[in-house]
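The structure appears right after this line, and notes come after that.
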Amino acid sequence: MAGAASDTSSLEAASPFELRVDGSAAVPEPDMRAAIKSGDMGFLHSFTTGSTVDGPGVRLVAWTTLCMFRCQFCHNPDTWTLHNGIPVTLGRATEEIRKYATGLKAMGGGLTISGGEPLMQARFVARLFAAAKQLRVHTAIESNGFYGERLSDEELEDIDLFILDMKGFTEAQHKRVTNGIANATVIAFARRLAALRRPMWLRYVLVPGLTDVESEMEQIAAFGASLGVVERAEILPFHKMGEYKWLRLGLDYTLTTTEPPTAEAVASAIAIFRAAGLNAL
Ligand code: SF4
């Protein structure tokens, strides 16, 4: 592939908050489409090491590019387009996991694939998880769940933990938070994971004036509890570490005057999830 020339770019980043653009500018469109179809190559913002917040233990995180949700609070809008990702062969990505495998196991961690929306590169992601399992590394995905049907039941078995980011429960709220995207497939995917008894964490970003809607949180909490596989629910306080990316990318950031939630607001949100019987924090 023509993009292979870029396969020597620096893949590791200090954090996902590094702004990265045009990583695959040299990759012709047909090669990109072929890569998406085969999974021979993925497009990544970066790999980061040492994360303690993206699954159990200490984790290597692969940050994929491409996402169509365009959540108002997204802190990585540079991951929205494939073109901003660095082209990475499956072999190179596997080597990255192999490099850290022993340490990850010793620290009770593993590999997390986040993004962007990982399942927009489902073939690459499924094959990378299979490679990680060959190396006996714990695997987790952080996903908005919209494209869950792109993974077969067999492929889902290669993923030890599903971290499902829920943006809203009602369609109206989901559309409000995202770029007008409905969430029926998200709910259906969560139910499928539950039927398959796959371990799940729920994540909910608490944004004052946008997602601090009690009825939405109550419905997500009740839904999560009904699944019977949710091991924890995490309330993530909104922050502005990604605001500069919106500005640098010329995007219209709607939360400039929004402040992070107060400690009391976070505690109230946690209480709602706990009241439904979930292990919330
Ligand atoms: S789903 Fe995640 S990556 Fe996609 S726009 Fe929303 S916050 Fe950003």
Point to revise | Candidates 275, 265, 225, 271, filtered to the one that is over 18 Å from the mean Cα position of the chain (by Cα), over 26 Å from residue 79 (Cβ atoms), aliphatic (A, V, I, L, M) and open to solvent by 70 Å² or more (accessible area, probe 1.4 Å) | key: 275
Revision key, fill the gap. Matching residues in segment 167-189 (touching a residue at least 12 places away in the same chain (Cβ under 8 Å) and away from the ligand (no atom under 15 Å from the Cβ)) number 6
Practice item. Scan segment 65-72 and give yes if some residue there is closer than 22 Å to residue 127 by Cα, within 16 Å of the ligand (Cβ to nearest atom) and open to solvent by less than 10 Å² (accessible area, probe 1.4 Å), otherwise no. Key: yes
Study note, to complete from the structure: Contact list, first residue from segment 14-35 and within 17 Å of residue 46 (Cα to Cα), second anywhere and of a type in the set (A, V, I, L, M, F, W, C) and part of a loop (DSSP other than H, G, I, E, B), beta-carbon distance below 6 Å, six or more apart or interchain, is 17/241
Check your understanding: Hey, any hits in segment 231-245 for a residue that's farther than 19 Å from residue 281 by Cα, outside any loop (DSSP other than H, G, I, E, B), out of contact with any Pro (no Cβ under 6 Å at 6 or more places or on another chain) and away from the ligand (no atom under 16 Å from the Cβ)?
Key -> no
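Yes/no per residue for (1) within 16 Å of the ligand (Cβ to nearest atom); (2) open to solvent by less than 40 Å² (accessible area, probe 1.4 Å); (3) modelled with pLDDT of 95 or more:
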position	(1), (2), (3)
79	yes, yes, yes
85	yes, yes, yes
90	no, yes, yes
100	no, no, yes
107	no, no, yes
Check your understanding: From the set of residues in segment 109-125 that are surrounded by 22 or more Cβ atoms within 10 Å (Cβ to Cβ) and away from the ligand (no atom under 16 Å from the Cβ), which is nearest to residue 40 (Cα to Cα)?
Key -> 124
Revision key, fill the gap. The correct count of residues that are open to solvent by 10 Å² or more (accessible area, probe 1.4 Å) and not in a loop (DSSP other than H, G, I, E, B) in segment 195-215 is 6
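The values are calculated or read from the model by the stated rules, or taken from the named source; none is laboratory data. Note that the structure is a prediction, hence the values are computed from the model and not measured. Cβ atoms come from the backbone with ideal geometry, glycine included; neighbour counts cover every protein chain shown. Please note that ligands, DNA and RNA were not included when accessible areas were found on the heavy atoms of the full protein model with its side chains. Shrake-Rupley method; radii C 1.70, N 1.55, O 1.52, S 1.80 Å.
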